[in-house]
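Enquirer: Quick one: the structure is below, questions incoming.
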Amino acid sequence: MSTPLLAAHNLNRQFGGLMAVNDVSLRVHQGEILGLLGPNGAGKTTLFNLISGVTPVSTGRIEWRGVPITGMASHAVAGLGIARTFQNLRLFPTLSCLDNVMVGLHRHARQKRLAALFQTRPFHQKQAKLHQEALALLELFGIADAAHRPANSLSYGDRRRLEMARALANRPELLLLDEPAAGMNPHEKDQLCELIRQIQAQFQLTVLIIEHHVPLMMQLCDRLVVLNFGKTIAEGPPEQIAKDPAVIEAYLGGAG
Amino acid sequence: MDTTLLQQMLLGALLGISVYLPLRCGQLSLATPGFYAIGGTVAALLSTRIPALGGDGVSYPISSVLLEMALAAMVTGILALGIGKVVLRLRGIYLAISTIALVEILRVVSLNLSFTGGAIGIFGIPQPFASPEGYVGFTSLLLAVVCWLCDRLERTRPGLAMAAIREDELAAASQGINTANTKLLAFVLSALVAGVTGVIAAHFLNSWNARMGNFDASITTLAFVVFGGTRTWLGPVIGGLVLTALPELLRPVGDLRLIVYGLVILMGPVLFPQGVITPERLSRWSRMLRQRLRLEAPTP
């Protein structure tokens with residue numbers, strides 16, 4: 001089998017006496033939508049934080065296209081083409097929605113210093129192009145009307161959408177979505193599911209997604225990984241996971 | 001308004017910008033007076049000790065002032081680079097405390113060294129300009145250049161990155177922004193502005209001593225930014241101009257001026273939590289101005 005896009009080998013992360021992530025191994029293949037399921041406190045978000053360099057790994061190895069990236073700073077991880085959203089929304093609240101997405105374009109917005117200083121024509125042309133790209137992303141998520149309003153004036157669902165737009169502005173290869181449907185109503189969840197499929201195809205993304213809404217995950221994901229108490233308890237296609245006794249026990253409790 | 005006060009206001013505006021730059025990245029650094037003191041000391045030493053620069057005890061060529069500014073920028077820049085790498089690991093109040101310590105260390109060192117004149121300081125710094133008007137012209141020019149550079153900075157990538165760090169450092173890093181380097185850039189730029197301002201101040205004041213950069217100055221310059229606002233460079237400029245002028249303009253009311261000054265500093269943040277000058281307020285004012293102009297224009 002070809003090298004996975006992202007591979008985690010025996011990852012561990014301890015917080016004091018708590019094993020938040022305990023010997024988790026994970027392979028994400030190019031082009032797939034991989035879902036991460038598990039009860040609250042199972043270590044899903046910690047795993048995201050380890051991958052994106054927000055939290056240092058205690059032990060274990062992370063590889064990007066077979067190259068070790070363990071211990072990389074989060075801005076360097078972003079530079080590889082790994083973008084993420086946050087469970088608790090981390091927008092730039094007083095910046096406009098457009099500027100939020102423009103920050104997402106940071107790595108692609110480099111301009112010659114002198115050109116920027118004297119506002120030459122090429123500078124303006126590139127700046128205009130970047131603005132267009134940012135606006136197109138806002139449009140894609142249906143929040144273009146709010147482009148010039150501050151991010152904290154948006155509704156909760158729109159904030160989630162803005163965060164996804166910002167992540168896409170990184171022009172990533174791998175998109176990590178941490179509970180993108182949290183706080184959305186059933187109708188919005190359906191729309192979101194469609195949207196994730198659409199952007200995955202349009203931007204040729206690989207997606208790693210955490211979500212509690214099981215029907216959405218069953219519908220959306222090619223493969224599921226289930227965590228509990230920091231350990232992987234099941235892995236496989238959705239149909240198989242739905243029947244897995246260990247998963248049923250983790251969610252509903254053991255029979256005795 | 002007398003020109004001496006105007007000159008002090010311009011220096012205040014420059015120092016306001018120096019405090020503002022790290023604050024744009026959300027970094028509360030109070031190191032500005034320290035770098036200001038270093039700039040002034042560089043100017044005082046060079047112009048009184050090195051005859052080759054053309055100081056004859058009274059007058060002084062402007063080219064030598066520019067040379068001093070370049071040298072002061074180099075010294076403060078390198079120092080800020082070294083110190084910034086260490087202290088910018090601290091956040092919030094801890095960064096503020098460590099930069100206050102830096103200012104105090106510099107003050108005590110300068111107080112105890114013989115070549116900086118100890119407690120007496122350095123006197124008889126030669127004058128590149130015969131009148132305060134000359135200083136005002138030169139400083140206005142410098143302020144204009146610094147404002148222009150700040151404006152460019154805010155409209156381009158590093159400026160937006162700085163604002164993003166202020167809003168949410170972790171999220172900024174996950175967008176690929178090298179937060180450590182960006183904060184360091186702001187800290188060094190802040191030191192350069194303060195150092196260069198110190199050079200002009202030393203000549204203007206004619207003497208320089210260890211009390212020029214102290215804790216009081218840290219708080220005063222911080223007040224410029226708190227009053228003016230941290231969202232755009234125009235805030236600290238207005239803050240620096242107004243708050244430097246206020247104590248002097250209030251002289252007629254006697255000791256009451258201290259109370260009024262305190263009230264202004266107190267009421268500023270209460271009435272305008274983001275400072276008097278914010279981008280939103282600026283665009284509203286410009287809209288109102290345009291409307292008024294349109295109304296006053298004769299209808300054809």
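Enquirer: I need the full set of residues from the stretch B:46-63 which are hydroxyl-bearing (Ser, Thr, Tyr) and surrounded by 12 or more Cβ atoms within 10 Å (Cβ to Cβ), in order please.
Expert: B:Ser47, B:Thr48, B:Ser59, B:Tyr60
Enquirer: Where in the stretch B:84-185 are there helices (runs of 4 or more DSSP H), lying wholly inside it, with at least 3 residues that are closer than 20 Å to B:Trp233 by Cβ, within 14 Å of chain A (Cβ to nearest Cβ) and among the small types (Gly, Ala, Ser)?
Expert: The qualifying helices (runs of 4 or more DSSP H) are B:157-167.
Enquirer: Within the stretch B:80-91, restricting attention to residues that are touching a helix residue (DSSP H, G or I) at 6+ places or on another chain (Cβ under 7 Å) and of a type outside the set (Val, Ile, Thr), which residue is surrounded by the most Cβ atoms within 10 Å (Cβ to Cβ)?
Expert: Within the stretch B:80-91, the match that is surrounded by the most Cβ atoms within 10 Å (Cβ to Cβ) is B:Ala80.
Enquirer: Tell me, please, whether a residue that is assigned to a strand (DSSP E or B), in contact with a strand residue (DSSP E or B) (Cβ under 8 Å, 6 or more places away or on another chain) and in the same structural domain as A:Thr206 (by TED's automatic domain parsing) can be found in the stretch A:144-161.
Expert: No, the stretch A:144-161 contains no residue that is assigned to a strand (DSSP E or B), in contact with a strand residue (DSSP E or B) (Cβ under 8 Å, 6 or more places away or on another chain) and in the same structural domain as A:Thr206 (by TED's automatic domain parsing).
Enquirer: Here are some residues: A:Leu50, A:Leu6. Which one is in contact with a Phe, Trp or Tyr (Cβ under 8 Å, 6 or more places away or on another chain), farther than 13 Å from A:Lys231 by Cβ and not hydroxyl-bearing (Ser, Thr, Tyr)?
Expert: Sole residue among the options that is in contact with a Phe, Trp or Tyr (Cβ under 8 Å, 6 or more places away or on another chain), farther than 13 Å from A:Lys231 by Cβ and not hydroxyl-bearing (Ser, Thr, Tyr): A:Leu6.
Enquirer: Could you count how many residues in the stretch A:83-128 are under 30 Å from A:Ser58 (Cβ atoms), in contact with a Ser or Thr (Cβ under 6 Å, 6 or more places away or on another chain) and at the interface with chain B (Cβ under 10 Å from one of its Cβ atoms)?
Expert: Residues meeting the conditions: 1.
Enquirer: Got a sec? Which of A:Leu208, A:Leu216, A:Leu195, A:Leu224 is surrounded by 19 or more Cβ atoms within 10 Å (Cβ to Cβ) and farther than 18 Å from A:Arg27 by Cα?
Expert: A:Leu216
Enquirer: Please work out if A:Pro56 is within 11 Å of chain B (Cβ to nearest Cβ) and assigned to a loop (DSSP other than H, G, I, E, B).
Expert: Considered against the rule, which asks whether it is within 11 Å of chain B (Cβ to nearest Cβ) and assigned to a loop (DSSP other than H, G, I, E, B), A:Pro56 comes out as no.
Enquirer: If B:Pro269 passes every condition in (1) free of Cβ contacts under 8 Å to residues at least 24 places away in the same chain; (2) touching a helix residue (DSSP H, G or I) at 6+ places or on another chain (Cβ under 8 Å); (3) closer than 27 Å to B:Ala194 by Cα but one, which one does it miss?
Expert: Unmet condition: (1).
Enquirer: Something else: What's the number of the only condition in (1) touching a Cys at 6+ places or on another chain (Cβ under 9 Å); (2) outside the structural domain of A:Val226 (by TED's automatic domain parsing) that A:Leu216 fails to meet?
Expert: Against the list (1) touching a Cys at 6+ places or on another chain (Cβ under 9 Å); (2) outside the structural domain of A:Val226 (by TED's automatic domain parsing), A:Leu216 comes up short only on (2).
Yes/no matrix, rows are residues, columns are (1) under 15 Å from the mean Cα position of the chain (by Cα); (2) part of a helix (DSSP H, G or I); (3) free of Cβ contacts under 8 Å to residues at least 60 places away in the same chain; (4) closer than 22 Å to B:Arg157 by Cβ:
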residue	(1), (2), (3), (4)
A:Arg61	no, no, yes, no
A:Gly71	no, no, yes, no
A:Gly79	yes, yes, yes, yes
A:Leu89	yes, no, no, no
A:Phe92	no, no, yes, yes
A:Asp99	no, yes, yes, yes
A:Met102	no, yes, no, yes
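Enquirer: Restricting attention to the stretch A:129-156, which residues are of a type in the set (Ser, Thr, Tyr) and either under 19 Å from the mean Cα position of the chain (by Cα) or within 11 Å of chain B (Cβ to nearest Cβ) (or both)?
Expert: A:Tyr156
Enquirer: Here's something else I'd like to know. Across the stretch A:70-82, what is the total count of residues that are surrounded by fewer than 22 Cβ atoms within 10 Å (Cβ to Cβ), under 11 Å from A:Leu50 (Cα atoms) and within 14 Å of chain B (Cβ to nearest Cβ)?
Expert: 2
Enquirer: If A:Asp244 satisfies all but one of (1) more than 18 Å from A:Lys44 (Cα to Cα); (2) surrounded by fewer than 16 Cβ atoms within 10 Å (Cβ to Cβ), what's the number of the condition it fails?
Expert: (2)
Enquirer: Taking interchain pairs and intrachain pairs at least six residues apart, which have beta carbon atoms under 7 angstrom, with the first residue in the stretch B:202-227 and of a type in the set (Val, Ile, Thr) and the second in a loop (DSSP other than H, G, I, E, B)?
Expert: These pairs meet every condition: B:Val226/B:Gly275.
Enquirer: Okay, moving on. Quick check: anything in the stretch A:45-62 basic (Lys, Arg) and either surrounded by fewer than 18 Cβ atoms within 10 Å (Cβ to Cβ) or outside the structural domain of A:Gln200 (by TED's automatic domain parsing) (or both)?
Expert: Scanning the stretch A:45-62 turns up at least one residue that is basic (Lys, Arg) and either surrounded by fewer than 18 Cβ atoms within 10 Å (Cβ to Cβ) or outside the structural domain of A:Gln200 (by TED's automatic domain parsing) (or both).
Enquirer: State the number of residues belonging to the stretch B:92-131 that are surrounded by 12 or more Cβ atoms within 10 Å (Cβ to Cβ) and of a type in the set (S, T, N, Q).
Expert: Of the residues in the stretch B:92-131, 5 are surrounded by 12 or more Cβ atoms within 10 Å (Cβ to Cβ) and of a type in the set (S, T, N, Q).
The values are calculated or read from the model by the stated rules, or taken from the named source; none is laboratory data. Note that the structure is a prediction, hence the values are computed from the model and not measured. Ideal geometry is used to build each Cβ from the backbone, glycine not excepted, and the neighbour counts take in all protein chains shown.
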